[in-house]
Each structure stands twice: as structure tokens, then as C-alpha cells.
Amino acid sequence: MPNGAAPNSRELAQLVRERIEGGEFPPEPDGTPGILPPITQLMEQYGVARQTVRSAIAHLAAEGLVRTAGRKGTFVLTRTERRRIKRSQIVTRSTAGMYVFPAASYADEPWQTHGTPHASFEAAPAIVAEHFGVDEEAEVLRRRRVMSPEGEPPFQIVDTWLSPQAVADAPRVAEKSTGPGGYLDRLEEAGHGPISWQEVTRVRMPSPEEARLLEIPTSMPVMELILVGRSGRDNQPVEVTIRVIPGDRVELVADLIRDESAAWPRDEGRR
């Protein structure tokens, strides 16, 4: 620092950031995150107070560079390439026979599951209870998966909530293996086809559990994609799928189309 002055928290964050980006604290070969020196060591190296180090680490955590884990230390996170989600209104089927939605079409690459996917009856969050017309905290079937492209840290949490009526009509949706085409084919075969969908995108802060599963700080905003599937029989919601993606992992892309009123060359007679 100039004149030998001790850095403030933002200056210290920049100094540590440069060390991270310079490869001083790289991930292990097995993908395990690197770890920063202990707070006391950073205090001694830079001649600063404990609170200055903590504030600097908080700045880095907000950027998604590090994640604090209590007494285990501060881990350096693997920076991954942002993936573009091409926004469209087209739902297709993959070669494996599964429905593919625009929000899930990141790239033609293999994906992996982190942990074990599971189905269980859980207290319904407010948005799910509202769509299904059940009491908040009523137990509803949830299918959960944590996924990412192969070799990368967790990219998204996918929670699919299925209405009580959907489970009653198609009990297999509660099983570990739902068969060819997945739970959506089971619902449509049970009389709910063709299902129609509407998607809402919004940004919010993660819950502590979501931050833990995605290996991000709680200060990192997440993108939430809420897909509501309605029965072709009575137009009632039968599924609510919520995808949660760290804000530094993805960007939305859409092609803009000129309306006739915006045609070129400009029609000078049009006002």
C-alpha cells in the first residue's frame, strides 16, 4: 500500500482478489475448493484488524469468489462460465423422450446430479399452496434434484411440486423411477394431457439451505424460474417446478423482432 498504510476492507479485498485470480489458492485436482489463509494470518500479513479482514472476505463472498464455512475456513470457489438461456416459447422432446423447456436448454453437454435425487412429502411454500389451493404448510409431494454440467459445482436446484390430485391420479409420480418420459408423461397418461405451461422469472436472495446446496454465500442473489403446468382436463395446476440458479452462472438472451410499425426503411407517411 502507498506510504506503507494499512489497507481498508475494500483495498484488502482487492489485494486478496488479485492473489486468488493469480492462482495462489487454486482448487484441488479433485475439484475441492482452495482455502484462504486463516483470518489471524491475513491480519498479520497486512497489519489490519480482525474486522477489516472479515469485511474484506464479505466483499469477496458477495462477488461469488469465496464461501465462508465457519471454523472450517474460507473456501475459494471455482469460477464457471456464464451459460446463456435462449428464451423462447417452444417446448420440445429430447432424444431420450423427455420434455425439454427453454429454461433447461443451456447447452448440448452432459449433466450430473449432486447428491441423490429424492421425492418426499414436504410443507408447501406459499406460492405452491396458492397454485394448488391447499393450506400453506400442507404436505405436498416434492421431487428435488441438484444438478450441474459435468465437472462443475452445483448449478441449479430443481424442485418439482405435484398437486394432491395429480398424485392421486398418477401414483407413480411419487416413486423413485417414474418410467419413460418421466413424471410428466405419467400425468398426461392419467388424463391431464396435454399439459400447458407458463413460466415466471424473478430474482431474490437464497435461503440458507439453497446457499448451502449451491455452495454460494447467502449474499449472492439467485434467479428463480417458476414453471406452472396446468391440466389439459380442467386447466387446474398439477405441477409447479421451481429452478434456483446462482446469479453469476447464467444470463438470459432473447432475439428481438421488429413490429410492422418499426419497419425499415421508415415510412415517412406513418406517424
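The values are calculated or read from the model by the stated rules, or taken from the named source; none is laboratory data. Please read all numbers here as calculations on a predicted model, not as lab measurements. No Cβ is skipped: glycine too gets one built from the backbone with ideal geometry, and neighbour counts run over all protein chains shown.
Could you list all residues from the range 215-236 that are in a strand (DSSP E or B), touching a Pro at 6+ places or on another chain (Cβ under 9 Å) and touching a residue at least 60 places away in the same chain (Cβ under 8 Å)? If the condition is that a residue be in a strand (DSSP E or B), touching a Pro at 6+ places or on another chain (Cβ under 9 Å) and touching a residue at least 60 places away in the same chain (Cβ under 8 Å), then VAL228 is the only one that fits. Would it be correct to say that ALA96 is surrounded by fewer than 18 Cβ atoms within 10 Å (Cβ to Cβ), of a type outside the set (S, T, N, Q) and at pLDDT 90 or above? Considered against the rule, which asks whether it is surrounded by fewer than 18 Cβ atoms within 10 Å (Cβ to Cβ), of a type outside the set (S, T, N, Q) and at pLDDT 90 or above, ALA96 comes out as no. Scanning the range 146-184 for residues that are of a type in the set (D, E, K, R), within 18 Å of VAL240 (Cβ to Cβ) and either outside the structural domain of GLU209 (by TED's automatic domain parsing) or without any contact (Cβ under 8 Å) to a residue 60 or more places away in the chain (or both) yields a total of 1. In the range 153-203, of all residues being at pLDDT 95 or above and among the basic types (Lys, Arg), the one that is farthest from MET98 (Cα to Cα) corresponds to ARG172.
May I ask you to verify whether VAL140 is assigned by TED's automatic domain parsing to the domain that holds VAL228, buried (at least 16 other Cβ atoms within 10 Å of the Cβ) and under 17 Å from LEU227 (Cα atoms)? In short, yes.
Output the helices (runs of 4 or more DSSP H) that fall wholly within the range 123-214 and possess 2 or more residues being more than 30 Å from THR68 (Cα to Cα), or say none. Lay out the reasoning, then the answer.
Values: elements: 126-132, 164-169, 182-187, 208-214.
Passing ranges, in order: 126-132, 164-169, 182-187.
For the range 186-214, the set of residues classified as in contact (Cβ under 8 Å) with a residue 60 or more places away in the chain and buried (at least 21 other Cβ atoms within 10 Å of the Cβ) consists of LEU214 only. Please specify each residue of the range 237-269 satisfying the condition of being loosely packed, with under 10 Cβ neighbours inside 10 Å and assigned to a loop (DSSP other than H, G, I, E, B). Scanning the range 237-269 gives ASP255, LEU256, ILE257, ARG258, ASP259, TRP264, PRO265, ARG266, GLU268, GLY269.
For the range 32-53, the set of residues classified as in contact with a strand residue (DSSP E or B) (Cβ under 9 Å, 6 or more places away or on another chain) and touching a residue at least 40 places away in the same chain (Cβ under 8 Å) consists of PRO33, GLY34, ILE35, LEU36, listed by residue number. Against the list (1) β-branched (Val, Ile, Thr); (2) in contact with a helix residue (DSSP H, G or I) (Cβ under 8 Å, 6 or more places away or on another chain); (3) within 14 Å of VAL238 (Cβ to Cβ); (4) crowded, with 21+ Cβ neighbours inside 10 Å, the condition VAL134 fails is (4).
Do we find that VAL134 is free of Cβ contacts under 8 Å to residues at least 40 places away in the same chain, within 21 Å of GLY193 (Cα to Cα) and in the same structural domain as ILE242 (by TED's automatic domain parsing) in this structure? Before the answer, list the steps.
Working: free of Cβ contacts under 8 Å to residues at least 40 places away in the same chain: yes; within 21 Å of GLY193 (Cα to Cα): no; in the same structural domain as ILE242 (by TED's automatic domain parsing): yes.
It is false that VAL134 is free of Cβ contacts under 8 Å to residues at least 40 places away in the same chain, within 21 Å of GLY193 (Cα to Cα) and in the same structural domain as ILE242 (by TED's automatic domain parsing).
Inspection of the range 221-233 finds no residue satisfying the criterion of being more than 30 Å from ALA166 (Cα to Cα) and modelled with pLDDT under 90. Exactly one residue out of GLU175, GLU199 is over 12 Å from the mean Cα position of the chain (by Cα), over 28 Å from ARG84 (Cα atoms) and charged (D, E, K, R), and it is GLU175.
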